[in-house]
Each structure stands twice: as structure tokens, then as C-alpha cells.
1. Ignoring ligands, DNA and RNA, what percent of the accessible area of segment 85-151 is carbon or sulfur (1.4 Å)?
2. Before anything else, pin down the relative contact order of segment 118-159: Cα pairs under 8 Å, at least 6 apart, normalised by residue count, whole percent.
3. If the chain between D247 and K270 were fully stretched, how many nm would it gain, using 0.36 nm times the residue separation less the Cα-Cα distance?
4. Please list the equivalent ellipsoid semi-axes of segment 75-138, computed as the square roots of five times the alpha-carbon gyration tensor eigenvalues, in descending order and whole angstrom.
5. With no solvent and one equal point scatterer per Cα, compute the Debye intensity ratio I(q)/I(0) for segment 41-94 at 0.14, 0.27, 0.30 Å⁻¹ and report its log10, rounded to two decimals.
6. Can you tell me how much longer the chain between E111 and E176 gets when fully stretched, taken as 0.36 nm per residue apart minus their C-alpha distance, in nm with one decimal?
7. Using a Cα-Cα cut-off of under 14 Å, which aspartates and glutamates could be cross-linked to K192, ignoring same-chain neighbours fewer than 8 residues away?
8. Sort all Cα-Cα distances of segment 152-273 into consecutive 5 angstrom bins from zero, then give the percent of pairs in each bin up to the one containing the longest distance.
Amino acid sequence: MSPGLKGIGIGSAALAGVAALLAMGLLAVVFVKDSGGYEDRAVVPFPTVGVLMAGGEHWCTASVVDSPQGNVVATAAHCVTPAGEDGQPGEAAHDGLAIGELSFAPAFSGEGGQRPLGLWKVRSVQVDERWSKWGEDTADFAFLSVEPDAEGRSLQEVVGRGEAPKPVWTSGYEREVTVVGYPESEHNPENKPVACTTQSRHDEDDPAMLYINCSGFWTGTSGSPWIADRGGPGRPGQLIGVLSGGDTDVDSTAALFDDRAKALYERAAKATG
């Protein structure tokens, strides 16, 4: 399945799922930034997941990954680097557009795109050469480092240290996963995340890729985290991959993290400039 083919609206079932999580107490309560700092408390369904912005516009979905410095975000490689071909770097982004300056808005929400947990500038991008030179779907993942906020706090401090999943590099394909993404505002005017918890498996068309069958994952959800064994606040689960593509809003694939993904993560975690 081709990356970047995710296109149109968040369904009522997805919104009902978020409401159910709230009723069960599985949504995080975090501090929301105002002019005086992080003082007002608000309920945020998925504080570690947000919108990856390019040139100030919604580009993809991304999520915070647990790391020593609290500065690492995961997304799809095609969201940050053109696909290569025949050993040469690509010249255009996945939809033919130029990729602008990148930033990350966790817990992005509200009509017009509110950023309750701030906007975090991307400092560095780590992508596998299998993607940047050969365009291999099985390497369609990237790890980004972000700068601290104006007061020197790390991204993970703000979203909640206990909320970010730990990445794993040797996961199997058949897992119970929670996938969370942000469809573009054209089909999701309230900018609410769509979420689905289901069983992952091998993709029939490409057995090296993960696959799920869940509705609502339209354009804008590329890079969505695939989190195994998530149990709510304090039980963030394990990040095993990120959404790569899919022919419809129902069919989604992901590249399973491997040892080379681990190397990218470690470089992002060490990035200081």
C-alpha cells in the first residue's frame, strides 16, 4: 500500500471511543499552558500524540517517545524526507509538495487548531537510508528531536513523563494495538484525534508490514503511533511502529520497528543541536 493515501473524516464511532475512554478513566489529566505557565488543568485524551506541522500547516501525525532527555518524537519517514529511488535521494515530498520547517503540536485540538501543550520546534531528523535512498516501505519511520521550551523544559516533562510509550525493536506482528491519529481539518474540523484499539497482523499484500482494519484514518494520520498494550495514564504501553499508508481510511499499514529503527532513535535521543 502506498504511503500518504489517507483521506477524509473522523467517524462517530471514533468519537464514541474517546468518550468511552474518558468514562473509564483512561484519559490523562495534564497541565495546559496559559499566559502564566502550566496552571490550568484539562482533560486531554492522548497528550503524547499531536500534529506534525510543516510551514505552520497540518502535515502528518507524530507522537512523543520515552527517552532519557524527553526530546524524541516518532513519525513516518515520508512525512519528513522524500522517498529515494535507485540509491538516490528523492526530490519531492510524498504528495509532491516541499516539506517546510517542522514543528510538533501535542494534544492539538479545537476548531482552528489550538495548541494547549505548545508548539515544539524540530531540531533534527533521523531517517534510514533504506527510505531516503531506496524508498522502502519497511523503513518508513523517523525519529525527531525537539528543542526545549522557552523555560528549558523538555517536551516529555510537559506532556507527562509517565505518558510516553517506550519503543521496542523486536515486537511480533500479532499484538493488541492502539493507533491514534489526526485527520486533516477538512474532514475533521474540530481537530479531534481518531483512535482505535484492535489486533494487528501481517499485511496480505506485503507480509513484512503491519496491518490493521479500523475506520477513520484519513489524510493527515500518516505517522500515527501503533502502541501495544496501552492501559491508560501510567500504563503507556510499547511503541512498535508508526502508520505508513493505506488504500482507504479503513486499511492501514505500518513498518515494524527493528534494530535500524533503534539506531535512529538513539541518534535522536542524543541530539543537542
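1. Working: 1400 of 3350 Å².
Using a 1.4 Å probe with all protein chains present, segment 85-151 comes out at 42 percent carbon and sulfur.
2. Values: 41 pairs, mean separation 17.7, N = 42.
So the answer I get is 42 percent.
3. 4.7 nm
4. On the way: eigenvalues 155, 28, 19 Å².
Each semi-axis is the square root of five times an eigenvalue, giving 28, 12, 10 Å.
5. With one equal scatterer per Cα and no solvent, log10 I(q)/I(0) is -0.51, -1.07, -1.14.
6. Working: separation 65, 0.36 × 65 = 23.40 nm, distance 3.14 nm.
Result for the pair: 20.3 nm of gain on full extension.
7. Within the straight-line cut-off, K192 pairs with E111, E184.
8. Per 5 Å bin, starting at 0, the Cα pair percentages come out as 2, 11, 19, 21, 20, 16, 8, 3, 0, 0.
The values are calculated or read from the model by the stated rules, or taken from the named source; none is laboratory data. Note that the coordinates shown come from a computational prediction; the quantities given were computed from them, not determined experimentally. Quick reminder, even Gly has a Cβ in these numbers, built from the backbone with ideal geometry, and neighbours come from all protein chains shown. Heavy atoms of the whole protein, side chains included, go into the accessibility calculation; ligands, DNA and RNA do not. Shrake-Rupley method; radii C 1.70, N 1.55, O 1.52, S 1.80 Å.
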